[in-house]
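Input: a single structure, listed below in structure tokens.
Read the figures in this text as sums done on the coordinates, not as results from a lab. No experiment lies behind these values; they were computed from the predicted model shown. Positions of Cβ are backbone-derived with ideal geometry, glycine not excepted, and every protein chain shown enters the neighbour counts.
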Amino acid sequence: MISSQTNKRIGQAMCDYSMLNDGDRVLVAVSGGIDSLVLAWLLEYWLKKAPVHYELCAVHIDMDLWTKEMPDANPVEQVLKEMQKTGLPLQVEKSLPIDETERNCYSCSKLRRKQLFDLARKLECNIIAFGHHKDDLLETLFMNMFYSGNISTMVPKQELFSGRLTVIRPLAYIDKQEVQTIAKKVGLQAVSNLCPLAGSTRREHVQSMLKDIYRQIPGAKESLFASMKNVRKGYML
């Protein structure tokens with residue numbers, strides 16, 4: 001179902017950062033986007049062949065974006081229920097209250113992450129898995145330089161709260177196109193994004209800029225990604 005090269009890169013990321021160990025209990029954060037759906041499918045698929053044993057729990061934070069369009073059903077919940085038929089535990093939680101006048105990508109992300117941390121503790125999960133991939137890491141690098149004045153990005157593995165909780169990103173070495181290819185092969189389809197801010201976010205502006213760079217400079221994506229592991233500190237201010 002997954003090409004050998006894509007499978008190899010996912011496995012390499014898992015190995016390079018020792019993402020999973022025997023006895024881990026993993027909360028998979030599922031937004032309804034194709035990246036998180038593929039991650040949930042992948043981690044369950046790997047349960048059958050992984051050299052370590054871990055437990056999975058899929059969690060969706062309902063941001064109440066579908067209330068007007070589909071008042072009687074959350075489409076993400078419907079997709080997860082289909083996946084649950086294969087044995088993946090499911091939990092849907094309503095998001096914490098947010099002032100609509102203050103709704104933006106940063107505040108929603110911060111609120112959702114706080115809620116996921118609390119849920120991980122309640123569910124006794126020591127791992128949270130996110131579906132961020134190579135393109136996400138590169139976009140975050142440029143967003144932080146453009147808008148925050150620092151050089152940083154999301155990392156494939158990050159220990160938090162003195163090691164009591166670990167965030168992992170198993171898709172960190174593959175790009176968006178590879179994620180979409182997996183989704184097509186296994187029959188996964190993303191839920192429509194009804195966020196009122198979709199289409200005009202900072203991330204989308206950076207995505208557009210990077211696409212232009214990749215078209216103009218062959219190999220730029222791989223070189224930029226490699227640069228995040230090759231920081232020459234003696235030549236930084």
Report summary line: Listed with the fewest Cβ neighbours within 10 Å leading, 135, 118, 212, 175 appear as 212, 118, 175, 135
Report summary line: For the chain, the charge dipole (Cβ of Lys, Arg +1; Cβ of Asp, Glu -1; about the Cα centre) points to a positive end, and the Cα of 6, 108, 200 closest to that extreme belongs to 6
Query raised in the report: With respect to the cross-link table entries 8/157; 185/229; 157/229, which display a Cα-Cα separation exceeding 25 Å?
Result: 185/229
Query raised in the report: So, in nm, how far is label residue 151 from label residue 95 when the simple model puts each one 7 Å beyond its Cα toward the Cβ?
Result: 3.4
Requested in this report: Treating only the Cβ atoms of Lys and Arg (+1) and Asp and Glu (-1) as charged, compute the dipole magnitude of the chain about its Cα centre; round to the nearest 20 debye.
Outcome: 700
Query raised in the report: Efficiency by 1/(1 + (r/R0)^6): what FRET value for residue 189 and residue 22, r their Cβ-Cβ distance, R0 = 30 Å, to the nearest 0.05?
Result: 0.35
Report summary line: Counted neighbours (other Cβ, 10 Å), sorted fewest up, put 235, 106, 173, 17 in the order 235, 106, 17, 173
Requested in this report: Identify, among 50, 217, 120, the residue whose Cα sits farthest towards the positive end of the charge dipole of the chain, taking +1 on the Cβ of Lys and Arg and -1 on the Cβ of Asp and Glu, with the dipole about the Cα centre.
Outcome: 217
Report task. Rank these for me by crowding, 233, 184, going from fewest to most other beta carbons within 10 Å. Result -> 233, 184
Report summary line: Packing-ranked peptide list from 19-28, 213-222, highest mean Cβ count within 10 angstrom first, is 19-28, 213-222
Query raised in the report: With the Cα gyration tensor of the stretch 89-184 giving a ≥ b ≥ c as the square roots of its eigenvalues, does the rule (a/c under 1.5 for rounded; else a/b larger than b/c for prolate; else oblate) give rounded, prolate or oblate?
Result: rounded
Query - Proximal lysines relative to residue 211, as straight alpha-carbon distance under 18 Å, when same-chain residues fewer than 8 apart are discounted - result: 134, 176, 221
